[in-house]
Amino acid sequence: MALLDAQYLARLEDYFASGDLQFDFDNADEEKRGEILDFLEKLMDLADQADALATKLIFRDQLEAMLGENTQK
């Protein structure tokens with residue numbers, strides 16, 4: 001699996017949007033429900049990391065310029 005797999009993300013998006021994840025959760029035993037919740041928690045943690053990294057990558061030059069200006073004063 002490629003690390004940047006847009007098709008997998010699209011499948012996840014479809015799985016969530018279709019209601020299939022909700023159906024699977026509603027019809028799962030407690031162990032499977034725990035696995036689903038653990039997966040979602042990990043996904044949310046990764047989303048937080050992705051958001052922070054994207055912000056850093058997008059605004060890196062602007063931040064460096066601002067920091068450079070502040071240190072020159």
Which whole-angstrom value gives the distance between the alpha carbon centres of the stretch 32-67 and the stretch 1-27? 18 Å
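Accessible area of the chain with a 1.4 Å probe: how many percent of it is carbon plus sulfur?
C and S fraction of accessible area: 58 percent.
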What's the angle, to the nearest 10 degrees (0 to 90), between helix 6-17's Cα axis and the longest principal axis of the chain? 60 degrees
Using 1/(1 + (r/R0)^6) with R0 = 25 angstrom and r between the beta carbons of residue 50 and residue 7, what's the FRET efficiency to the nearest 0.05? 0.90
Taking a crude spin-label model, label points 7 Å out from Cα along the C-beta direction, the residue 30 to residue 64 distance in nm is 5.4 nm
Tell me the angle of helix 30-72 to the major Cα principal axis of the chain, expressed in degrees between 0 and 90 and rounded to the nearest ten. 10 degrees
Unit Cα scatterers, Debye sum, the chain: log10 I(q)/I(0) for q = 0.14 Å⁻¹: -0.64
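The values are calculated or read from the model by the stated rules, or taken from the named source; none is laboratory data. Since we're looking at a predicted model, the values are computed, not measured. In this analysis, Cβ positions are derived from the backbone assuming ideal geometry, glycine residues included, and neighbour counts consider all displayed protein chains. These accessible areas exclude ligands, DNA and RNA; they are computed on the full protein's heavy atoms, side chains included. Shrake-Rupley method; radii C 1.70, N 1.55, O 1.52, S 1.80 Å.
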